[in-house]
Amino acid sequence: DELGVLDGTAEEGGRVVVVAAPEDVADVTRRLTASPVAAHLPGQGASPLDARLAVLTPRETKGLEFDVVVLVEPVRVGAASPGDLYVAMTRPTRTLWVLAAQGLPEGWDDADG
């Protein structure tokens, strides 16, 4: 949905990055490759930074900005380093989505949904 929103609002369509823990990147990429958004992923040998949709680790996103960030399992992302979680959460210029089937990190209030 975010790619469609960006089509109408961002230059060159905008970019979405899915940020996952290093051990989850392959699985997230595989799932997206089998989904309707697969065409937006980087092609074989292409840089993920040139694609409209990429799956990266927090450290790969450090120093970069994306229109939309989808943070997958923040507890797992922050397990190696709280700094990784901070980096992941500060990459979006428009929207941050958090997907957390395994719960939220300590101190996060999920009462507001």
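The values are calculated or read from the model by the stated rules, or taken from the named source; none is laboratory data. Remember, predicted model here, so these are calculated numbers, not experimental data. As a convention, Cβ positions derive from the backbone with ideal geometry for all residues, glycine included, and neighbour counts pool all protein chains shown. All accessible areas refer to the heavy atoms of the entire protein, side chains included, with ligands and DNA or RNA removed. Shrake-Rupley method; radii C 1.70, N 1.55, O 1.52, S 1.80 Å.
Quick notes on this structure:
- Test result for Thr57, out of contact with any Leu (no Cβ under 8 Å at 6 or more places or on another chain) and within 11 Å of Val18 (Cα to Cα): yes
- For the range 26-65, a residue qualifies if it is assigned to a helix (DSSP H, G or I) and touching a strand residue (DSSP E or B) at 6+ places or on another chain (Cβ under 8 Å), and the qualifying residues are Val28, Thr29, Leu32, His40, Pro48, Pro58, Thr61.
- The sole residue among Gly103, Gly45, Gly78 that is closer than 20 Å to Arg15 by Cα and over 12 Å from the mean Cα position of the chain (by Cα) is Gly45.
- Annotation: Thr95 fulfils all but one of (1) in contact (Cβ under 8 Å) with a residue 60 or more places away in the chain; (2) touching a helix residue (DSSP H, G or I) at 6+ places or on another chain (Cβ under 6 Å); (3) more than 16 Å from Val28 (Cβ to Cβ); the unmet one is (2).
- Per the listing Val77, Val68, the residue uniquely open to solvent by less than 40 Å² (accessible area, probe 1.4 Å), touching a strand residue (DSSP E or B) at 6+ places or on another chain (Cβ under 8 Å) and more than 21 Å from Asp1 (Cα to Cα) is Val77.
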